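Student: Just passing along the structure, written as structure tokens.
None of the figures in this text is laboratory data; all of them are computed from the coordinates on show. What you see is a predicted model; the values in this text were computed from it and never measured. We place every Cβ from the backbone using ideal geometry, glycine too, and count neighbours over all the protein chains shown.
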């Protein structure tokens, strides 16, 4: 589950991470009101207006602006709220901005120069350990840094049995070229950041930039946070942060009926039970010359109602030109699934106007094939994986 910047910063602050303070506004007038409040609380005279959408590169799309007075706060907020913000991480249509973060100006003059760093905490799947990735090149796309100057990217792996050790935090501060007060502040920042990541059940914390201010404070100026969906049952305070407006409407609907669905850019819908089989099915579709339109795991209870719900979800994607149902009957019997397909097909009537290929293997697979073949419906049955691939190729050739 992705969070907005202001939500990520709330979590960081709760674990003692210093952040660039700010308040959220949903209208230009509210933006002025919170800017006044921010001045009272922080003393800031200038304000950074940030569009709150689940996408990086907001500044490149015009979603991050500086306002030097309250009049500019109102004008800039009015321009950003309601716009469709297009960034390198959005579609061509962009994402509609419903709210902005009014943040304090932290690039104030002082005794030393400001510096920007990159830092993220995530799981290194190769080693099975958490990892802090960091660089002196903050404020830039980390992909560009990795491509052009990979020697400027450092990593520090953490043993999950002992957690982040003090010498590791000092090592990070040293590699970032810090000394004196800034060095000590960075070690505190890194320690608190890792604690926030670990104890919030997050998939990722990305701070870009981490700022060393002119008076040697270290703070998070931005925050990109993703919480593990599987932990939300015990992190209800984070579950309440979910902004459904930022997610795919089809995925939201699928989640509401208990289906594991991920929207993809393809032309063949997938209805499968089991994540491993779903991945193999997507490979099968690619080998047959098609493109998977989704990942959909119906789970072990693929009865008529569940199959019908899955059909309706898949068919909401107008790009889908065919559907491949690939079920292994272990917990669930194949004949039960086959009957569910037939019943769902009949219940939906003319709603299904595209070819359907059904491959059922496992318990009562032969009986399931008979049910499909004798249904009189325009459903193609298959037994072997290759047979299903051939049928996908055939129906795509006819479209």
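Student: Semi-axes of the equivalent ellipsoid of the stretch 248-398: what are they in whole Å, largest first, if each equals the square root of 5 times a C-alpha gyration tensor eigenvalue? Kindly include the intermediate steps, with their values, before the conclusion.
Tutor: Working: eigenvalues 76, 62, 47 Å².
Listed largest to smallest, the semi-axes of the stretch 248-398 are 19, 18, 15 Å.
Student: Sort 97, 86, 337, 257 so the one with the fewest other Cβ atoms within 10 Å of its own Cβ comes first.
Tutor: Ranked by crowding around the Cβ, least crowded first: 257, 86, 97, 337.
Student: Using label points projected 7 Å from each Cα along Cα→Cβ, tell me how many nm separate residue 240 and residue 226, to one decimal.
Tutor: Modelled inter-label distance: 2.6 nm.
Student: Using Cα-Cα distances under 8 Å and only pairs 6 or more residues apart, what relative contact order does the chain have, in percent?
Tutor: Working: 792 pairs, mean separation 48.9, N = 399.
RCO, the chain: 12 percent.
Student: Quick one: if the Förster radius is 41 Å, what FRET efficiency do residue 188 and residue 265 give, using the C-beta to C-beta distance and rounding to 0.05? Write out the running numbers ahead of the final one.
Tutor: Numbers: r = 44 Å, r/R0 = 1.06.
That pair, residue 188 with residue 265, gives E of 0.40.
Student: Please sort 263-269, 322-328, 108-114, 45-51 by packing, taking for each peptide the average over its residues of neighbouring beta carbons within 10 angstrom, highest first. Intermediate values should be presented prior to the final figure.
Tutor: Details: 263-269: 19.7, 322-328: 25.6, 108-114: 11.0, 45-51: 22.6.
So the order, starting with the most tightly packed, is 322-328, 45-51, 263-269, 108-114.
Student: How high is the relative contact order of the stretch 21-105? Use alpha-carbon pairs under 8 Å, at least six apart in sequence, and give a whole percent. Each step should come with its number before you reach the end.
Tutor: On the way: 179 pairs, mean separation 36.5, N = 85.
About 43 percent, as a whole number.
Student: Full extension from residue 157 to residue 141: what is 0.36 nm times the residue separation minus their Cα-Cα distance, to one decimal in nm?
Tutor: Values: separation 16, 0.36 × 16 = 5.76 nm, distance 2.19 nm.
Gain on extension, residue 157 to residue 141, equals 3.6 nm.
Student: Find the Cα radius of gyration of the stretch 1-71, compare it with 2.2 N^0.38 Å by division, and give the number to two decimals. The partial results should precede the final answer.
Tutor: Values: Rg = 12.7 Å, N = 71, 2.2 N^0.38 = 11.1 Å.
Its radius of gyration relative to the 2.2 N^0.38 Å reference: 1.14.
Student: Considering Cα pairs under 8 angstrom that are at least six residues apart, work out the relative contact order of the stretch 248-398 and quote it in whole percent.
Tutor: Values: 306 pairs, mean separation 34.0, N = 151.
Averaging sequence separation for qualifying contacts and normalising by length gives 23 percent for the stretch 248-398.
Student: Calculate how many DSSP beta bridges within the stretch 248-398 are antiparallel, expressed in % of all such bridges and rounded to the nearest 5. If you can, show how the numbers build up before the last one.
Tutor: Working: 4 of 22 bridges.
If I count the DSSP bridges inside the stretch 248-398, around 20 percent turn out antiparallel.
Student: Shape call for the stretch 1-130 from the C-alpha gyration tensor, a ≥ b ≥ c root eigenvalues: rounded (a/c under 1.5), prolate (a/b greater than b/c) or oblate? Don't skip to the end; give the middle numbers.
Tutor: Values: a/c = 1.86, a/b = 1.22, b/c = 1.53.
Cα axes put the stretch 1-130 in the oblate bin.
Student: Using Cβ counts within 10 Å as a stand-in for footprinting exposure, how do 398, 387 rank, fewest first?
Tutor: Values: 398 9, 387 14.
Least crowded to most crowded, the residues run 398, 387.
Student: Same structure, new question: Run the quick spin-label model on residue 129 and residue 98: label points 7 Å from Cα toward the beta carbon, then report their separation in nm to one decimal.
Tutor: 4.1 nm
Student: Sorted by average packing, counted as other Cβ atoms within 10 angstrom per residue and highest first, what order do 28-41, 140-153, 285-298 take? Before the final figure, lay out the partial values.
Tutor: Details: 28-41: 17.3, 140-153: 12.8, 285-298: 20.5.
Highest to lowest by the protection proxy: 285-298, 28-41, 140-153.
Student: So how far, in whole Å, is the C-alpha centre of the stretch 1-40 from the one of the stretch 377-396?
Tutor: Comparing the Cα centres of the stretch 1-40 and the stretch 377-396, I get a distance of 53 Å.
Student: Nearest 5 is fine: what % of DSSP beta bridges in the chain come out antiparallel, could you say?
Tutor: On the way: 47 of 66 bridges.
For the chain, the DSSP antiparallel bridge percentage is about 70.
Student: Can you report the principal axis dimensions of the stretch 139-220 using only the alpha carbons, biggest first, rounded to whole angstrom?
Tutor: Principal axes ranked by extent give 34, 31, 20 Å for the Cα atoms.
Student: Also, I was wondering about something else. Report, as a whole number in µm² per second, the diffusion coefficient that Stokes-Einstein gives for the chain at 25 °C and 0.890 mPa s using the Kirkwood radius over alpha carbon pairs.
Tutor: On the way: Rh = 24.0 Å.
In µm²/s, the coefficient is 102.
Student: While we're looking at this one, here's another question. Can you give me the convex hull volume of the Cα atoms of the stretch 176-258, divided per residue and expressed in Å³? Before the final figure, lay out each step's value.
Tutor: Working: hull volume 9.4 nm³, N = 83.
Looking at the stretch 176-258, the number lands at 113 Å³ per residue.
Student: Something else now. At 7 Å along the Cα-to-beta-carbon direction for both residue 14 and residue 42, put a label point, then send me their distance in nm to one decimal.
Tutor: 2.1 nm
Student: Taking the highest mean first, how do the peptides 364-371, 233-240, 270-277 order by number of other beta carbon atoms within 10 angstrom per residue?
Tutor: On the way: 364-371: 18.4, 233-240: 12.1, 270-277: 20.4.
Listed from highest to lowest mean packing, they are 270-277, 364-371, 233-240.
Student: Right, next: Quick one: order 121, 252 by neighbouring beta-carbon count within 10 Å, fewest to most.
Tutor: On the way: 121 25, 252 14.
Ascending number of Cβ neighbours within 10 Å: 252, 121.
Student: Calculate the length of the line joining the C-alpha centroid of the stretch 176-229 to that of the stretch 75-106, in whole Å.
Tutor: 24 Å
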